[in-house]
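Reading through the structure tokens given below for one structure.
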Amino acid sequence: MHEVNATVKVSQSITKKISSAKLNVKWREYKKNKYLFFLLIPVLIWYCIFSYGPLYGIQLAFKDFHVREGIWGSPWIGMANFKFLFTQSPDFLIILKNTVIISFYHIVFGFPAPIVLALLFNEIRSSIFKRIAQTLSYMPHFLSWVVLSGILITILSPSSGVVNDVIKWFGFQPIYFIGDESYFRFTLVVSAIWKEIGWGTIIYLAALASVDQQMYEAAVMDGANRWKQTIHITIPALYPVIAILFILRIGSVLDAGFDQILNLYSPSVYGVSDILDTFVYRSGLQNFQFSLTTAVGLFKNVIALCLVLSTNYIVKRMGQEGIT
């Protein structure tokens, strides 16, 4: 028994020494690169002010907020705001459904689009043509939805738009893409892909640039054509990046594109386009229901956290690297 206790004490002592040695090594590394860590100070200040500072206002979700009384003076009402949203608000469940459907379309059609475009860019052999194509695909990203919405409204106009002129030239009736509920979600998804597809390829092209070219040479020696090289070399090289970006995208499933929808929707398509963010905008900034909209924001963040953690767990179980 004494021998066992002595062995345990020795192992504990060794473990402490190893931990202390690792801590000293880390501290020396931090001290060696201290000037690099000073560069993080502006970023940390930004996060403290704009990301962690507003957490103080989360308590509004559990209060009946009155401007005159302030946050501390407003009475606590517990979960009343959440109960109102899920049981008494006639539009909340419809708005939640619209948000999930639009986000689902963005994930199914919008998430793979940059991957496909990056694979196509990777197959272009002319460097000049590749640069021109990449530049043209990036350009819409730098335009705000205020500008792009005006362009879309003009070219999709049922009376004078270029798209409907082509449709009428083929003998069909013009389509009101932005004012018809049957086509509005389609217009949202396609225009969002067009705006962001080029910008989304940057990280995938960076990942493809790190692929060892000797693997392609070996595949050619084995008789693999371009398609087989893409399937067995190029796409597997993108798996880690795809996994991380997919986790982050799932976490924003309740963010269906506020800027885009706010600039494109109208009362005629509220039934299919009204989402949580537009609901918060109208209820909070226009109707001054700050407690109710804070409850909606807290609900979104909790769902996003749960989705990120669960998706990260599933991805890691599938053998890929997650975000933690």
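Only the coordinates and a few stated rules stand behind these numbers; no lab work does. These numbers come from a predicted model, not from an experiment. Positions of Cβ are backbone-derived with ideal geometry, glycine not excepted, and every protein chain shown enters the neighbour counts.
Hey, got a sec? Which trypsin sites (Lys or Arg not before Pro) in the stretch 105-169 land in a DSSP loop and have at most 13 other Cβ atoms within 10 Å? Walk me through the intermediate numbers first.
Numbers: sites: 125, 130, 131, 168; in loops: 125.
Qualifying residues, ordered by number: 125.
The simple spin-label model puts a point 7 Å past each Cα toward its Cβ; for residue 286 and residue 221 those points are separated by 6.7 nm.
To two decimal places, what compactness ratio does the stretch 76-230 give when its Cα radius of gyration is scaled by 2.2 N^0.38 Å?
On the way: Rg = 22.1 Å, N = 155, 2.2 N^0.38 = 15.0 Å.
So the Cα radius of gyration is 1.48 times the expected 2.2 N^0.38 Å.
Farthest toward the positive end of the dipole of the chain, out of 268, 279, 139, is the Cα of 139, where the dipole comes from beta carbon charges about the Cα centre.
Sort 97-107, 205-215 by the packing proxy (mean of other Cβ within 10 Å over each peptide's residues), most packed first.
Numbers: 97-107: 18.3, 205-215: 12.1.
Put in order of decreasing packing, that is 97-107, 205-215.
Here the Karplus curve 6.51 cos²θ - 1.76 cosθ + 1.60, taken at θ = phi - 60°, turns the phi angles of the stretch 116-129 into couplings of 4, 5, 4, 5, 5, 4, 5, 8, 6, 9, 7, 5, 5, 5 Hz, with x standing for Gly and Pro. Compactness check for the stretch 275-324: Cα Rg over 2.2 N^0.38 Å is 1.63.
Using every Cα-Cα pair within the stretch 56-132, state what percent have a distance larger than 21 Å.
On the way: 1805 of 2926 pairs.
Considering the stretch 56-132, 62 percent of its Cα-Cα pairs are separated by more than 21 Å.
Rounded to the nearest 20 debye, what is the charge dipole size of the chain about its Cα centre when +1 sits on each Lys and Arg Cβ and -1 on each Asp and Glu Cβ?
On the way: 26 positive and 18 negative charges, 275 e Å.
For the chain, the charge dipole is close to 1320 debye.
Could you work out Rg/(2.2 N^0.38 Å) for the stretch 157-204, with Rg from alpha carbons only? All intermediate terms of the calculation are to be shown ahead of the outcome.
Values: Rg = 13.9 Å, N = 48, 2.2 N^0.38 = 9.6 Å.
Here the answer is 1.45, to two decimals.
Which of the peptides 291-298, 313-320 is most tightly packed, and how do the rest follow, going by the mean number of other Cβ atoms within 10 Å of each residue? Intermediate results must be reported in sequence, preceding the final value.
On the way: 291-298: 21.6, 313-320: 13.4.
Descending mean neighbour count gives 291-298, 313-320.
Relative contact order for the chain using alpha-carbon pairs under 8 Å, separation at least 6, rounded to a whole percent?
Working: 272 pairs, mean separation 76.4, N = 324.
Answer for the chain is 24 percent.
With the cut-off at 21 Å, tell me which of the pairs 63/97; 83/300; 97/195 have Cα atoms farther apart than that.
Numbers: 63/97 26 Å; 83/300 15 Å; 97/195 24 Å.
Listed pairs above 21 Å: 63/97; 97/195.
Look at the dipole of the chain built from charges on Cβ: of 160, 54, 178, the Cα furthest out on the positive end belongs to 54.
When peptides 37-43, 132-138 are sorted by average Cβ neighbour count within 10 Å, with the highest value leading, the order is 132-138, 37-43.
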